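Working notes, structure below.
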Amino acid sequence: MPNKVSRKIFYSKVLLLGEHIINKGAIGLAIPFDHYEGMFKVDKELIDPNAGKSNQSLKEMVHYIIHHDTLGPLYDTNQFLEDIDKGLYFDSNIPQGYGLGSSGALVAAIYHQYRKNKKKNYPVSALKYELAEVESFFHGKSSGLDPIVCYLNKAVLIDKGEVTETFDLPKVAKPVLKLFLINTHIERKTGPYVNAFLQKCENPKFMTTVQKSLIPANNIAVESFLKSRYAQLMKCVKIISQLQLDLLPYFIPPKFREAWQQGLKNNEYHLKICGAGGGGYIIGFAKMDANLSLLLGGLDVVELMKF
């Protein structure tokens, strides 16, 4: 392994389609989001409190890797420890508690910097499993989705828990839709919302609606995105938006429900949960000519992409 610490940047990620229902057989689509990023840096003094906190977290993480039966032999932990002693930290502006892959970007950086004998043709499924094992340091149990999107910097398609396709997002000459995010400025933890959703799924009526309406709309939306059928995509997103409002109203912060309902009425845009819900970001799909500053005045909107 080279002694020099790489300055490679790793970007955040957004789960575009499949939130919660990805664990119930739905297809998931996650994409890189270059509005936020992180990279390794070294500062012996660690003057910045965030740098010191990150450095301490890395100390704990390297010991997790060392004592992990599978991961230990795969990583250059001696070099990792040496760099930590020199002031290694992960400099990141990816907000935590937003479902944007803050830990996934760090795991991608660790794999890039300290994984021994990286294979060029390493199967994506095996890579996802390994990255999940590393990220489990943070979450107890990781799917590996966040770090693999961050590491590959590609869109990733997930079906039945496995990566079925990775691809670069297309550049469209004449876009007809735009994708945007609304920052709720509300931090939340994923676990409580995942557990709440799973508990709701124990209700047969709720689960029937998920299986017969929400999952089909989601899967057709993914297919429509991949095949550039954008009119059909918007129809499916509207169905998802309405179902999430009906089935999971408390996953939508109260301040944003009026904007959610307005989109369903005016059809200029439609909103949906981003990740776990309850805060973080809300995803929006809008017509290309929709005036979001007028329609969503006062809300913190970030444009993600056009297609």
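The values are calculated or read from the model by the stated rules, or taken from the named source; none is laboratory data. Just so we're clear, the structure is a prediction, and the values are computed from it rather than from any experiment. Don't worry about glycine lacking a Cβ; one is built from the backbone with ideal geometry, like all the others, and counts go over all protein chains shown. Protein only, heavy atoms only, side chains kept; ligands, DNA and RNA dropped before computing areas. Shrake-Rupley method; radii C 1.70, N 1.55, O 1.52, S 1.80 Å.
Entry note, the chain: relative contact order of 22 percent, from Cα contacts under 8 Å with a spacing of 6+ residues.
The alpha-carbon atoms of segment 182-307, seen along their principal axes, cover 42, 33, 23 angstrom, with the largest extent given first.
Could you grab the relative contact order for segment 154-289? Cα pairs under 8 Å, six or more apart, rounded to a whole percent. Value for segment 154-289: 33 percent.
Counting charges near I22 (Lys, Arg +1; Asp, Glu -1) among other residues having Cβ under 12 Å from its Cβ returns a value of -1. Summing Cβ point charges (Lys, Arg +1; Asp, Glu -1) relative to the Cα centre of the chain gives a dipole of roughly 880 debye.
Calculated on C-alpha atoms, the gyration radius of segment 8-47 divided by its Kirkwood radius gives an Rg/Rh of 1.27. With every protein chain in place and a 1.4 angstrom probe, the accessible-area ranking of K86, K171, largest first, reads K171, K86. In segment 191-263, the inverse of the mean reciprocal separation of distinct Cα atoms equals 13.3 Å; this is its Kirkwood hydrodynamic radius.
Three principal axis extents describe the C-alpha atoms of segment 1-77; from largest down they are 46, 34, 25 Å. Relative to its residue count, segment 112-177 spans a Cα convex hull of 131 Å³ per residue. Scanning the chain for GluC sites (Glu not before Pro) lying in DSSP loops with no more than 15 further Cβ atoms inside 10 Å, the longest uninterrupted stretch between such sites is 46-186. The C-alpha atoms of the chain define a longest principal axis, and helix 190-200 lies at about 40 degrees to it.
Carbon-plus-sulfur fraction of the accessible area of segment 179-221, 1.4 Å probe, in percent? The computed percentage sits at 53.
Per residue, the convex hull spanned by the alpha carbons of segment 51-131 comes to 106 Å³.
Among the trypsin sites (Lys or Arg not before Pro) found in segment 226-307, those both in a DSSP coil and sparsely packed, with 10 or fewer other Cβ atoms within 10 Å of their Cβ, are K227. Each helix, a run of at least 4 DSSP H residues, gives -39500 (n - 2.57); summed and divided by the residues of the chain, these come to -12500 deg cm²/dmol at 222 nm. Pairs exceeding 23 Å between alpha-carbon atoms, taken from K13/K174; K41/K128; K205/K238; K120/K154; K86/K120: K13/K174; K41/K128; K86/K120. Measuring nothing but how far apart in sequence close Cα pairs (under 8 Å, 6+ apart) lie, relative to its length, segment 97-237 scores a relative contact order of 18 percent. Report the Stokes-Einstein translational diffusion coefficient (µm² s⁻¹, integer) for segment 90-210, Rh taken as the Kirkwood radius over Cα pairs, at 10 °C with viscosity 1.306 mPa s. Stokes-Einstein gives a translational diffusion coefficient of 95 µm²/s.
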